[in-house]
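Below is one structure, written out as C-alpha cells, with a few remarks after it.
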Amino acid sequence: MPPVGDAGVLPRCGDGRQCRPFPYRLEQGRRAAETRRVTEQMRGANEVSAVSEAQADIGTALPRRAVTGRGQQRDWIRWAFLLPTVIVLFVITIYPMLNSLWNSLHYFNLFTPDDKRFVGLGNYVDLLRNDPTFWPVMQITFIYTIGVVAVQFVAGLGMALLLDRAMRGISLLRTLIIIPILISPVVVGLTWRYMYEPWGVLNYVLGRFGIAPIEWVSSPSYALISIMVVDIWQWTPFVVLVLLAGLQSIPREVVEASALDGLKFRQHFTRIVWPLLRPVALIVLLIRMMDALKVFDTVYVLTRGGPGTSTYVASMYNYVLFFGNYQVGYAAAMSYIILIIVNVFAIALIFALSDRQTKDESSDTVEIERLTAADAASAA
Amino acid sequence: MAAEHEGLGPEQQNVAKRLEKLRTTTVNRRRLMINAGIAAGLIGAVRMGPEAPAASAAPALQDTVAADHPAILAAKEWVGAPAEPDAPIVLVNWEPAGERWELPKRGVYPIWQMIHPNVQIEIQATPIGEIFPKIQLAMASKSDRYDVIDDDYAFFPQLIAGGHLTNLQSYLDVDEAYKTDIYSDVPENILNLYRDKPLAEGGQLHGLPPDGNCQLMVYRKDVFEKAGITTLPETWPDAIDVAKELTGAGQYGFTATLRRGFWATHCFNTIFWSHGGEWFGNGYNEPPTLDVEAGVMALQTLLALMPYAAPGTLNAVDDEANALIITGSAVFAPNLWGGSVWTNQSTNPQYFDKIGVDIVPKGANADGDHRPIMGGLGLFVPTYSKNPDWAWQWIKFCCSKEIGKEWVENLGQPARLSLLTEYASIQPYFPALARSFPKAHRMEPIPETGELYEVFGTEVANVTTGAKAPEQALTDAQKAVEEIMRKAGYYN
C-alpha cells in the first residue's frame, strides 16, 4: 500500500471513504503542520540562543546596535547615499502632496490668489454634498472601472490559459500579444480616434456588411463603450502577461498529479489552478483597478468627457476644475477624494481575496493533520 | 612583431598593431557599461555647451523691406519713442502659437528691425490650449521674464485687478495722433475689453488689441444656390428652417461647437443674448438671470437644430466643427468660431471659394438682435517687465495700420475696421467681421467667468444629448451659478 498523502495518491479518510482529491492541499497542509512543529521547537531553542548571544557580547549585555565610531561612520555613509533620493522624493512627491493637501483646505482661485482663505473641509463637503457633477462623474467612473477590469481579467485569464502550453509558434504569439502595451496611451487614443471617425475604418468595414455607420464617439450611447474597448485592447495583454507568469509558477508536479487523478478542467481550474493563482490575480486586479479609476489620457484624446457628459470621468472633471475653472483648492480636494476612493477599493479587493485564502488553507490544514494523525496511528 | 607585419612600413605596422590589439581585446559587460557612460557624458557635455551661433537663412533686411515702407515712415512721426539704445536689447513677447497671434508678429518683425535695429524681439510661442493658465501662473508668481504678453480679453479684468498689467493709457495719451487713429478705427466695444472700466466711466486702457474675433455664420454658397435659398437666415427660426432644408443625402445642415463646458456655453450665449438675455441682468451682486424666457428659447433653439447636426457636433470644438465644414459634411453653421480656415485655399482646398460668411442670426422676439459672442486677444505689458517703454513701442507697432498688409498676409485678423475693409480681397470673411464687431457681446468681466461657463456648459450638454429638458437644465444651471457666485463672495 503506497504511503498515504504522497502526491498522486488518494488519501483515505478515517472511515475508509476516499477523500476529495486534493493532493496539492495535502502537501501544503503537511508542510504547514511541519513548519508549525519546527517553529515551536525553535522557539524553545531561541530562548537559549538569545541568552548565549547576550553572553557572547564583550563583558556586558550591550544593545544590538553597537555605538562605536565605525558604526557611526557606516550610518553616515548610508545616509549620504540615500540623501539624494530622499531629497528628490521630498521635492517632487512629498512636498507637492502636502502642499496640495493644504490647498484643499482653502478656497483658492488662481485668478484671485490674494483672496485665498481657509475653509477647512468645506471643499470636501461641497464636492460630496453640493456638487451636482461629482456623483454622476463618479458613477461613470465606476461603470468604466468595473467594465474594463472585468473584461480584461476574464479575457486575459482565458488567453493566459491558452498560452500556457508548449506548441509551435507560442513564443512568437506571446511576443506579438504584448505590442499594445508598448504603445503610448495618447498614441493609442489618437489612432482609435481616427478609426472611430464616421468615415473611419470601423464604419468602412461595417458598411461592407451593409450596416449603417455608428457614431462611436459622437453619440452618448456608444462613447463610453468605445473608450472601454480602447482600454481593453491596450491593457488585456498586461493581464495576460502577469497571469501567464502566475500560471507558469505553479509547480508542474501538482498539475501533472491532477492530470493523473483524472480531474476535469473545471475541477482542475477551480481546485488547483485558481487557489494558487489567486495572489497573482489579486495583484493584477489591483493594478488594473487603480489605473482604470484614474483613467484620463484615453478619455482626453478621444472625447474630452463628451459627448454631453457620457464619458465625463473623475480625472477629467479634476482636470477641468483646475485648468478650466482655476479652482486650485477645489481641484486639490477632488484629487484627494479620488485617492481615498482608490485606496478603499484596493483595500476592499485585498480583503475580499485574501481572507478566503486564509480560511481555506487553515481548514485544509486541520483536515490534513487529522488524516496524518489517523494514518500514523493506524500505521503504529 | 608578428610575422605577417614584417615588410610593412612603420606607419602600416602601427595600424596593423592597433588592429591586432582591437581584434584580441575582449569586451566584458563592465567595460561596455563604463564606455557607454563615458560616451553619454561626453554627448551631454557637448549638447549643454555654448550654442553655436545660428546661421541666418533669412535674406538681408534691406532685401525684404523697402526703406520707404509706410510703417517706417509713420514710425518717424510717432511721439514718445525712447532713444534708440546703443547696445542691443531683447524684449520677450509671449504669444499663442500659430495664425492670428504668433505668425503675424513674425511676419512684421523685419519691418520693426528696420525701424529699431537694436531692439530685438524674441517671440516665444505656446499652444493656445496651454497658454492661458500658464500666463496666469506667471503673473501670479510675478515673473519678470516677459515684456509683452498676448492674452484673451476674458482674463484682463482679473489681471488688471491683480495689478499685473501696466496702465497703457498714459503712453497712449502722449501720442494724440496715434490715439485718435486707434479710437476711430477700433470699435469702442472692443477697446473696452482692455479697459479697467468702460470709457464712459473713465476707464483706462491696460492693453491694446491687434486682433479681433467673434462668432460668425458660415454657409456653402453653392449648396444654398442649389437649394434655392436666396436670402440668408435673419433669425434663429429661419436658421432652423434652413438647417432642415439642407439636411439629407449625407449632408448636414448644422454644426456648432457643442462640446460640454465653455464651448457649449459660447454657442448658447450667442443665441441667448440675441434674444435679449443677460447673465447678470441685475448686476453681479444679485442672482443671475439665466432661468428666463430668453434662456429657454436659446436652449430650445439648440434642441431644434440637433436633428440636423453633423456627426461629431455634440463633442466638437472649433477645430472639429470647422473640419466638418471643410470636408463638406456640414454645409451651414449659424454661429461658429473660425476665420481664415474657411476661406484659404491651403486649409480648405475643396470649398474655399464656395464659403459665405455673415453675421449670426438674431432672435425673433421683440428684444432680438444680432449678438455674436466676442472673442479676441490683446497685448499687455506686465508690471514686472524691465523694458516697459520699449514694450509699449512694440505694441504700438503691432496695432498700427501701416503694417496691415503684412499682418493680414501672415494670417492676422485685425481689430481695425479699416484693415478689415481694405484687405477683404485677401481674406473674404473680413467684411462679415467688420459688420459683426460693433454688435458683438463680451463675456462677463469677472474672474469666475471661466468656472461659470464650464458649469453651465455641462447643463447645455445635458440638453443637447437629451438627458434633461431645457427648463430643468436652466433651473439646475441657475442654482449652480448662484452657488459659485455666493462662494466667491458676491452675495450671501
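The values are calculated or read from the model by the stated rules, or taken from the named source; none is laboratory data. It should be emphasised that the depicted structure is a prediction, and the values quoted were computed from it without experimental measurement. Heads up, the Cβs are rebuilt from the backbone with ideal geometry, glycines too, and the neighbour counts pull from every protein chain shown.
Observations on the structure shown:
- Test for B:I131: is it β-branched (V, I, T), in contact with a helix residue (DSSP H, G or I) (Cβ under 8 Å, 6 or more places away or on another chain) and either crowded, with 18+ Cβ neighbours inside 10 Å or not in a helix (DSSP H, G or I) (or both): no
- Leading residue by the ranking (modelled with the lowest pLDDT) among those in segment B:464-492 that are more than 24 Å from B:N282 (Cα to Cα) and more than 9 Å from every other protein chain (Cβ to nearest Cβ): B:K468
- Selection status of A:G147, within 14 Å of chain B (Cβ to nearest Cβ) and of a type in the set (G, A, S): no
- Within segment B:199-229, restricting attention to residues that are without any contact (Cβ under 8 Å) to a residue 60 or more places away in the chain and over 29 Å from B:S418 (Cα atoms), the residue that is surrounded by the fewest Cβ atoms within 10 Å (Cβ to Cβ) is B:G228.
- Looking only at residues in segment A:202-226 that are within 14 Å of chain B (Cβ to nearest Cβ) and farther than 28 Å from A:A292 by Cβ, the one that is surrounded by the fewest Cβ atoms within 10 Å (Cβ to Cβ) is A:A212.
- Of all residues in segment B:154-164, none satisfies being modelled with pLDDT of 95 or more and under 18 Å from B:C398 (Cβ atoms).
- Complete set of residues in segment A:311-329 that are aromatic (F, W, Y) and either under 21 Å from B:A467 (Cα atoms) or more than 9 Å from chain B (Cβ to nearest Cβ) (or both): A:Y312, A:Y317, A:Y319
- Note on segment A:109-141: among residues that are in contact (Cβ under 8 Å) with a residue 40 or more places away in the chain and among the aromatic types (F, W, Y), the one that is nearest to A:V328 (Cα to Cα) is A:F111.
- Qualifying residue in segment A:177-200 (condition: within 14 Å of chain B (Cβ to nearest Cβ), modelled with pLDDT under 90, over 31 Å from the mean Cα position of the chain (by Cα) and surrounded by fewer than 16 Cβ atoms within 10 Å (Cβ to Cβ)): yes
Condition check ((1) polar (S, T, N, Q); (2) without any contact (Cβ under 8 Å) to a residue 12 or more places away in the chain; (3) within 18 Å of A:T133 (Cβ to Cβ)) across all residues:
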residue	(1), (2), (3)
B:S436	yes, no, no
B:E448	no, no, yes
B:A467	no, yes, yes
B:A477	no, no, yes
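- The helices (runs of 4 or more DSSP H) falling completely within segment A:227-309 that include 2 or more residues that are among the β-branched types (V, I, T) and away from every other protein chain (no Cβ under 14 Å) map to A:252-260, A:274-293.
- Pair list, Cβ < 8 Å and 6+ apart or interchain, from segment B:176-198 residues that are free of Cβ contacts under 8 Å to residues at least 60 places away in the same chain to residues that are surrounded by fewer than 19 Cβ atoms within 10 Å (Cβ to Cβ) and of a type in the set (F, W, Y): B:L191/B:Y183
- Note on segment B:276-330: residues that are touching a strand residue (DSSP E or B) at 6+ places or on another chain (Cβ under 8 Å), buried (at least 24 other Cβ atoms within 10 Å of the Cβ), within 14 Å of chain A (Cβ to nearest Cβ) and polar (S, T, N, Q) amount to 1.
- Test: residue in segment B:140-151 that is among the β-branched types (V, I, T), under 18 Å from B:G207 (Cα atoms), more than 13 Å from chain A (Cβ to nearest Cβ) and touching a residue at least 60 places away in the same chain (Cβ under 8 Å): yes
- Test: B:E95 is surrounded by 18 or more Cβ atoms within 10 Å (Cβ to Cβ), among the acidic types (D, E), at pLDDT 90 or above and in contact with a helix residue (DSSP H, G or I) (Cβ under 8 Å, 6 or more places away or on another chain): yes
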